[in-house]
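Report on the structure given below.
The values are calculated or read from the model by the stated rules, or taken from the named source; none is laboratory data. Note that the structure is predicted; figures quoted are calculated from it, not measured. Quick reminder, even Gly has a Cβ in these numbers, built from the backbone with ideal geometry, and neighbours come from all protein chains shown.
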Amino acid sequence: MFLSVFDMFKVGIGPSSSHTMGPMVAAARFLDMMRASPFEFHGLRASLHGSLAFTGVGHATDRATILGLGGFVPDTYDDEKAEAFLAELAKTHQMQPEGLPALHFDPKADLVFDYDHALEGHANGMILMATDAQGDVILRQVFYSIGGGFVVTEEELAQGKDTDEGAPVPFPFKSANEMLAMAKSSGKSIAQMKRANEVARGCPESLSKGTARIWQVMNDCINRGLEREGILPGGLFVRRRAKAIHDSLLAERGMNQSPPHTINDWMSVYAMAVNEENAAGGQVVTAPTNGAAGTLPAVIRYYLDHVPSASESHVEDFLLTAAAIAGLVKFNASISGAEAGCQAEVGSAAAMSAAGLCAVMGGTPEQVENAAEIALEHHLGMTCDPVKGLVQVPCIERNGLAAIKAVSAASLALRGDGQHFVPLDACIETMRQTGADMHEKYKETSLGGLAVNVPNC
């Protein structure tokens, strides 16, 4: 099993990796299918199902699908060009993606939110269709957005999870137990094993440049969020708070009046800055998802700004260690809130962050695994119930609290010798089972929990 660090950390746009980035990626794949087809196409249609339908408006799923069909992709997304494209489409009902003829698409008629027919493969299902001159469907593909910006076709999902067909890697661990055994036999850290796997599929230079870019985008997102004020879009009228909190923290610096627990506010404000940017549709990095994008950057920023021994040269090890943990969670359970609740998103982010921090603080592989387990264990059962389907309440604050938990988990693990009662593998399996048992209304449908117990306007 191999999932690259660049699979887990993808540059994209908010507010959701599964509901915004995923549909855009699916549309790009569908355009490639059309380009490879011998048919002559004249139009496009799309239908959204399950969670993509129920919370699609709040997550801008319709907008993302339309832009994806128009040729936009998350990694190079340009908001000004997107707005111009949508304005032109509204007037002409025509789009012409690169390499294809002009295609008819009326957003009001050709994009359907199907609330009544969930698709069998996953809660986040969508169907993309291309039509001929008579309006008959001549190409059709079911896609599932399975979390973190990952997209699979109906056929790929049926093939199973382990479809990796690339070059073999030196440390192909599929469980935490295998990871620890390989670390012990090789004498390598988790980051060193993960780096060896990445290099086996690429080159050291690409890895170094890629991880540097990931952190740069993350850090830029924090800084933007700490500088911006105003009301977040979507109709809940949620105020951005990160700037005001950050300003007050800066004002208190050096006054020797702040209680020790103020450090928690620093962790929270870094995370909140990211998730406010995500809620506004800004550029973020999946970590492992958009809804959980603030936790890991917040812990890295905490490490760099507040830990005396910190060095930016260790950020790559942090990311590699975190990606190794994320791969285990994704392969053996889920990182999708629509599939397993927020335990799969923010819980996974906390585990990744705790592992990364423990590693760069000198933790052994056993301590790193312990840190990840502590963080994930204490997110078990967490539901995904966004108010009005927006990635704002409770998501923004939740990332801040997850960052605090991650740092606490790493600290506890470093105080021990790596021996602990609950293995990470057992915790991941528990999360999978809990997600399977969780009622659908608590899995990113906005049909239960906070979503129905607080005012939506």
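Quick look at the numbers
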| read-out | value |
| --- | --- |
| Which listed residue is at pLDDT 95 or above and of a type in the set (Ser, Thr, Tyr), from SER248, SER258 | SER248 |
| Members of segment 10-39 that are part of a helix (DSSP H, G or I) and either in contact with a Cys (Cβ under 7 Å, 6 or more places away or on another chain) or within 17 Å of MET218 (Cβ to Cβ) (or both) | SER17, MET21 |
| Residue check for LYS174: in contact (Cβ under 8 Å) with a residue 12 or more places away in the chain, among the basic types (Lys, Arg), farther than 30 Å from MET438 by Cα and surrounded by fewer than 21 Cβ atoms within 10 Å (Cβ to Cβ) | no |
| Failed item in (1) without any contact (Cβ under 8 Å) to a residue 24 or more places away in the chain; (2) under 17 Å from the mean Cα position of the chain (by Cα), with ILE396 passing the rest | (1) |
| Helices (runs of 4 or more DSSP H) wholly inside segment 314-377 that include at least 3 residues being under 19 Å from VAL422 (Cα atoms) | 315-332, 346-360, 365-377 |
| Residue identified as over 25 Å from the mean Cα position of the chain (by Cα) and modelled with pLDDT under 95 among ALA158, ALA181, ALA167 | ALA167 |
| Test: TRP266 is among the aromatic types (Phe, Trp, Tyr), surrounded by fewer than 24 Cβ atoms within 10 Å (Cβ to Cβ), in the same structural domain as ALA409 (by TED's automatic domain parsing) and under 21 Å from the mean Cα position of the chain (by Cα) | no |
| ASN219 vs. criteria out of contact with any Pro (no Cβ under 6 Å at 6 or more places or on another chain) and farther than 22 Å from ASP305 by Cα | no |
